[in-house]
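Below is one structure, written out as structure tokens, with a few remarks after it.
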Amino acid sequence: LQVMDSTALTLCMENDLPILVFDLRGDDSIVRAAAGEKIGTLVSNEQSKLQEASATGKQRA
């Protein structure tokens with residue numbers, strides 16, 4: 001991603017923190033993102049969470 005440096009990206013990956021990438025110039029973009037609206041692109045480790053849940057037999061809420 002060109003929106004953040006490699007150290008920040010690595011820290012997010014290592015700590016399983018999702019990253020929401022969106023256009024800051026849009027009207028109320030930050031407010032909309034904070035409110036949980038589906039804007040931009042969510043980069044996360046969702047696949048590994050699904051695999052872990054499958055392996056342990058637990059389903060995510």
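Values quoted throughout were computed directly from the atomic coordinates according to the rules given, and no laboratory measurement underlies them. Not measured: the values here are computed from a predicted model. Please note: Cβ atoms are built from the backbone with ideal geometry, for glycine as well, and neighbour counts cover all protein chains shown.
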Q) Which ³J(HN,Hα) values in Hz, rounded to whole numbers, follow from the phi angles of segment 25-31 under the Karplus curve 6.51 cos²θ - 1.76 cosθ + 1.60, where θ = phi - 60° and Gly and Pro get x? A) 7, x, 4, 6, 4, 5, 4
(Q) I want to check the label-to-label distance for A34 and N15. Put each point 7 Å from Cα in the C-beta direction and report it in nm to one decimal. (A) 2.0 nm
